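The values are calculated or read from the model by the stated rules, or taken from the named source; none is laboratory data. Everything quoted here is computed from the prediction, not taken from an experiment. With ideal geometry, Cβ positions are generated from the backbone for all residues, glycine too; neighbour counts draw on all protein chains shown.
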Amino acid sequence: MITLGIDTSNYATSVALVDNDTHQVIFSEKRFLSVDEGKIGLRQQQALFEHIKNLTNIFSSFKGVDIGAVGVSVRPKDEDNSYMPCFLAGKMSAYSIGGAMNLPVIESSHQTGHLASALFDLNKPELFDRTLLMLHVSGGTTDILLAENGIVKKSLGSSMDLFAGQAVDRLGVKLGFPFPAGQYVSDLAEKCEEKIPKPKISVKGYNCNLSGLENQCDKLLAQGYTREYVCKYCLTFVAHTLIKMIKNVKEDLGDIPLVLAGGVMSSTVIKKIVTEKLPDAMFVKPQFSSDNAIGVAVNAYRKVTNG
């Protein structure tokens, strides 16, 4: 069965077609929303408009695709009060396609889509049936989540102020890069050969504070440190924060398998630091870690075939 996935987050429009029988992604396109130079985000009405334009262009390239179900993310998180207008663009498209083709439409959260995408890439079907921890780190989340049967069930901890992706993006924009700037920050950080001293982080229990990171990066730039050094410092700070949060959870809940997802987790700098301290942490390829509709399509298949 081929399933269609649609994800319209606050960062990007994503559409994917997944052949679940052959375990192949046969189509995947992600278009970042247009943000004016120097800005660090969009108003929701502008994001909604951008999604409608992007979806129209993407779907115009589809010709004769035989699909069995449509999956769509309709909210950011698996919480009753989770809502963001930008997801309405994807929901409208999904129900239009599903109604016209007499197909089931399967709703999910953006976070569950990330989980399913990561598990699809790991290609370990047994993980869908296990209790897992997922660390979801992006521009809108820095969350440790408890998942069961491939679905996010509960948030265990988060950032109490600034999200990791926000800190990274703000640094990148200050350095002159377009938003979202995570990839540019990561690329610069990889060029730094200096050793970064272990930063003083702020973690209490399962939660963290990251607002101080922005101030520390500003201070380093003012002191004349290179752009490469500051970018590496920023990602190092994030990595050590995540490590401490995860260790605190595992001390209480035991050695539950850990999956990492979200755009920030695509950073090779963060991956290197985290895997040194948590060698069993399961990272996935950038295509399956960052915003995409692949997991939404996989979730639709699982829902239709397994109930």
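For every residue, the table says whether it meets (1) aliphatic (A, V, I, L, M); (2) closer than 18 Å to SER290 by Cα; (3) not assigned by TED's automatic domain parsing to the domain that holds LYS39.
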| site | (1), (2), (3) |
| --- | --- |
| ALA118 | yes, yes, no |
| THR141 | no, yes, yes |
| SER186 | no, yes, yes |
| GLU194 | no, no, yes |
| SER202 | no, no, yes |
| GLY205 | no, no, yes |
| ASP218 | no, no, yes |
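Taken together, VAL238, VAL249 contain a single residue that is outside the structural domain of LYS30 (by TED's automatic domain parsing), at negative phi and out of contact with any Phe, Trp or Tyr (no Cβ under 8 Å at 6 or more places or on another chain), which is VAL238. Here is a check on your reading of the model: is SER96 of a type in the set (Gly, Ala, Ser) and over 23 Å from the mean Cα position of the chain (by Cα)? So SER96 passes the test. Scanning the range 241-262 for residues that are modelled with pLDDT of 95 or more and closer than 17 Å to ALA167 by Cβ gives THR241, LEU242, ILE243, LYS244, MET245.
When you check ASP291 against the structure, is it farther than 23 Å from LYS30 by Cα and either of a type outside the set (S, T, N, Q) or at pLDDT below 95 (or both), yes or no? Spelling it out, it is not the case that ASP291 is farther than 23 Å from LYS30 by Cα and either of a type outside the set (S, T, N, Q) or at pLDDT below 95 (or both).
Among the charged types (D, E, K, R) and in contact with a helix residue (DSSP H, G or I) (Cβ under 8 Å, 6 or more places away or on another chain), is that true of ARG130? Against the criterion (among the charged types (D, E, K, R) and in contact with a helix residue (DSSP H, G or I) (Cβ under 8 Å, 6 or more places away or on another chain)), ARG130 does not qualify. Looking only at residues of the range 223-256 that are within 21 Å of the chain's Cα centre (by Cα), more than 17 Å from MET134 (Cα to Cα) and of a type in the set (A, V, I, L, M, F, W, C), we find that the one that is surrounded by the fewest Cβ atoms within 10 Å (Cβ to Cβ) is PHE237.
Within the range 257-293, being surrounded by 19 or more Cβ atoms within 10 Å (Cβ to Cβ) and either in contact with a Phe, Trp or Tyr (Cβ under 6 Å, 6 or more places away or on another chain) or among the hydroxyl-bearing types (Ser, Thr, Tyr) (or both) holds for LEU260, SER266, SER267, SER289, SER290, ASP291. So, ASN54, is that one at pLDDT 95 or above and touching a Lys or Arg at 6+ places or on another chain (Cβ under 8 Å) or not? Judged against the criteria, ASN54 is a match. Within the range 245-280, the set of residues being farther than 19 Å from VAL168 by Cβ and small (Gly, Ala, Ser) comprises GLY254 only. Under the condition of being in a helix (DSSP H, G or I) and either of a type in the set (A, V, I, L, M) or free of Cβ contacts under 8 Å to residues at least 60 places away in the same chain (or both), the residues counted in the range 119-176 number 13.
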